[in-house]
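Visitor: Okay, here's the structure, questions in a sec.
The values are calculated or read from the model by the stated rules, or taken from the named source; none is laboratory data. Note that the structure is a prediction, hence the values are computed from the model and not measured. All Cβ positions, glycine included, derive from the backbone under ideal geometry; neighbour counts span all protein chains shown. Side chains are part of the model used for accessible areas, which takes the heavy atoms of the whole protein and leaves out ligands, DNA and RNA. Shrake-Rupley method; radii C 1.70, N 1.55, O 1.52, S 1.80 Å.
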Amino acid sequence: MATLIHTLSDHSDDVNCCAFSSSCLATCSLDKTIRVYSLRNFAELPYSPLKGHAYAVHCCCFAPSGRILASCSTDGTTVVWDTGDGRVQAVLAQPSASPVRVCRFSPDSTYLVSGAADGSVALWNTQSWKLYRSGNVKDGSLVACAFPPNGNFFVTGSSCGDLTVWDDTMRCLYNEKAHDLGVTCCDISSQPISDGEHGGRYFQMASCGQDNLVKLWLVLFQDFLGVELKHKCTLKGHSAPVLACAFSYDGQMLVSGSVDKCVIIYETSTGNTLRTLSQHTRYVTACAFAPCSPLLATGSMDKTVNIWQFDLKHPCAENTVDNDCKVSVEDWSEDDVSAWLCEQDLAAFVGLFKMNNIDGKELLNLTKESLANELKIESLGLRRKVLQKVEELRLKTSSVSSAVPDEFLCPITRELMRDPVIAADGYSYEKEAMENWISTKRRSSPMTNLPLPSLMLTPNRTLKMAISRWLETQQK
């Protein structure tokens, strides 16, 4: 079911957290660094390791777009990094100056939450990187945080054992004593579920604690009725405190890591143990599933990160648009739409689209009004990005009988070029893609892997005109 395919051994101290974007893996450690790896070959990116914290780094997380990475530390700060070049975008000092234990982006990237050892919770505006709201849990250190895919609220976990539900004004909506000896981690599945016993559509949440237990919860948010939090079941596979947990992309699996050095993979629908992984030699402190590939990362106090690959079929590994639209988009199921979202680097919207039953027909009918008023996507930039991808899909759908000529596709993105340029290797690329390639300090050709004699990019007007003429024929 799960095969160990790679081990990363670059950190010089305990690994505290692992986080995936659609193309990268980030890890952080007591050694004060964050390391970032490409998912193509698990090679460390040129700007890695990131060194900006004065003390141990406890947590790291990507924004849904993958273009920003946040990390937090004992030094009392949360640092925001540009994943294109590794530059620092902002340094956010916790208002209380207390060590920061956890950080999380909201699904629409509007906010970043940071939680600290003194129980303080800070909500940062990601446009200005200014403090928007702050609050405090009633007791203990804040050590865990999770958002549902619709972003209407977030949940924090504390060392005193409480799970607290907050809205985006930092109003406490609900509090539950979940683990007697303290919560260590929590996660919310990106996929809503229908629950026959209680009725309605719920989010599934997992929490783990010092009591050796993993608990599954059903969370329902209703604008007028508040929040319901119902205990679903308790998983008792570990023999020592459980330090980390994470849901798979499709919500069908849950993974947990423990002081007993084991990683357990559960089936969420039944609570059954699917596999126990025992390759780490010390406490397992971190685990994370990739959003759009069948990969799992586990980190440990043995200073390593293990990468596992699943042989199960994964929703994002099949039924993609690049298969020349063999299935008409109008006939796509909700799962097909989810796969397409992942392909377009829009995995953060999978849960929201699922919750609103967006199938292929509904996808093609999306407008800026429906994205804002019905799906409640507040960010103008994200609405534009979704609409642009939908428009491209409409174009592909209308021209399904005529495949895109290969010479019109960018060798880097494999997408139709809009602004082709000629690089010094003689090949043509999409301008933005090649600029991003060069900005990450790569000086070799994407096609030949040989050094580029020059970084100059020349507009390929002839190719651009040919693509325009081809597009016109497809729209007739």
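Visitor: With only Lys, Arg, Asp and Glu charged, each at its Cβ (+1 for the first two, -1 for the last two), find how big the charge dipole of the chain is about the Cα centre; round to the nearest 20 debye.
Guide: Dipole of the chain, to the nearest 20 debye: 860 debye.
Visitor: Would you please classify the overall shape of segment 171-300 from the alpha carbon gyration tensor, given that a ≥ b ≥ c denote the square roots of the eigenvalues, rounded means a/c under 1.5, and beyond that prolate means a/b larger than b/c while oblate covers the rest?
Guide: It comes out prolate by the Cα gyration axes.
Visitor: Using the charge dipole of the chain (Lys, Arg: +1 at Cβ; Asp, Glu: -1 at Cβ; taken about the Cα centre), state which of 393, 254, 365 has its Cα farthest towards the positive end.
Guide: 393
Visitor: Please list the helices of the chain that count as membrane-span-like by this rule: a mean Kyte-Doolittle hydropathy of at least -1.0 together with Cα atoms stretching 24 Å or more along the helix axis, each helix being a complete DSSP H run.
Guide: Counting only whole DSSP H runs, the qualifying helices are 380-398.
Visitor: I've got another one for you. Residues in segment 412-430 near a label at residue 456, defined as backbone nitrogen under 20 Å from the 7 Å Cα→Cβ point?
Guide: Output list for this probe position: 420-430.
Visitor: Ok, one more. So what is the relative contact order for the chain, in percent, with contacts set as C-alpha pairs under 8 Å and at least six apart?
Guide: 11 percent
Visitor: How would 120, 159 line up by accessible area, probe 1.4 Å, largest first?
Guide: Ranked list, largest accessible area first: 159, 120.
Visitor: Suppose the Debye formula is applied to equal point scatterers at every Cα of the chain; what is log10 I(q)/I(0) at q = 0.06, 0.07, 0.10 Å⁻¹?
Guide: One equal scatterer on each Cα of the chain leads to -0.27, -0.37, -0.76.
Visitor: Considering only protein heavy atoms and a 1.4 Å probe, what is the carbon-and-sulfur percentage of the accessible area of the chain?
Guide: Details: 9740 of 20630 Å².
Looking at the chain in its full context, I get 47 percent from C and S.
Visitor: Tally Lys/Arg at +1 and Asp/Glu at -1 over every other residue whose Cβ is under 11 Å from the Cβ of residue 135; what's the total?
Guide: Details: positive: 133, 138, 171; negative: 167.
Once positives and negatives cancel, what remains is +2.
Visitor: Can you put 193, 358 in order of accessible area, largest first, using a 1.4 Å probe?
Guide: 193, 358
Visitor: Starting from the Cα of residue 125, step 7 Å toward the Cβ, then list every residue of segment 66-106 with an amide N under 11 Å from that point.
Guide: none
Visitor: Separate question: Have a look at 146, 30, 268 and report the one farthest towards the positive end of the charge dipole of the chain, computed about the Cα centre with Cβ charges (Lys/Arg +1, Asp/Glu -1).
Guide: 30
Visitor: A further question follows. Between residue 364 and residue 96, what is 0.36 nm times their sequence separation minus the Cα-Cα distance? Round to one decimal in nm.
Guide: On the way: separation 268, 0.36 × 268 = 96.48 nm, distance 4.78 nm.
Once the chain is fully extended between residue 364 and residue 96, it gains 91.7 nm.
Visitor: Oh, and also: Please find the FRET efficiency linking residue 177 to residue 7, where r is the Cβ-Cβ separation and R0 is fixed at 30 Å, and quote it to the nearest 0.05. Mind showing how you got there, number by number?
Guide: Working: r = 38 Å, r/R0 = 1.28.
Here the calculated transfer efficiency is 0.20.
Visitor: State to the nearest 20 debye the size of the charge dipole of segment 329-399 about its Cα centre, where the only charges are +1 on K and R beta carbons and -1 on D and E beta carbons. Working shown, then result.
Guide: On the way: 10 positive and 14 negative charges, 73 e Å.
Around 360 debye, computed over segment 329-399.
Visitor: Between residue 376 and residue 415, how many nm apart are label points set 7 Å from Cα along the C-beta direction?
Guide: The two pseudo-label positions are separated by 2.8 nm.
Visitor: With every protein chain left in place, what is the accessible area per residue of the chain in square angstrom, probe 1.4 Å? Walk me through the intermediate numbers first.
Guide: Values: 20630 Å² over 476 residues.
On a per-residue basis, the chain sits at 43 Å².
Visitor: May I ask for the Kirkwood hydrodynamic radius of segment 407-475, worked out over all distinct Cα pairs and given in angstroms to one decimal? Each step should come with its number before you reach the end.
Guide: Numbers: mean 1/r = 0.0813 Å⁻¹.
Answer for segment 407-475: a Kirkwood hydrodynamic radius of 12.3 Å.
Visitor: Could you put 465, 434 in order of accessible surface area, largest first, with the 1.4 Å probe and the full protein assembly present?
Guide: Solvent-accessible surface, decreasing: 465, 434.
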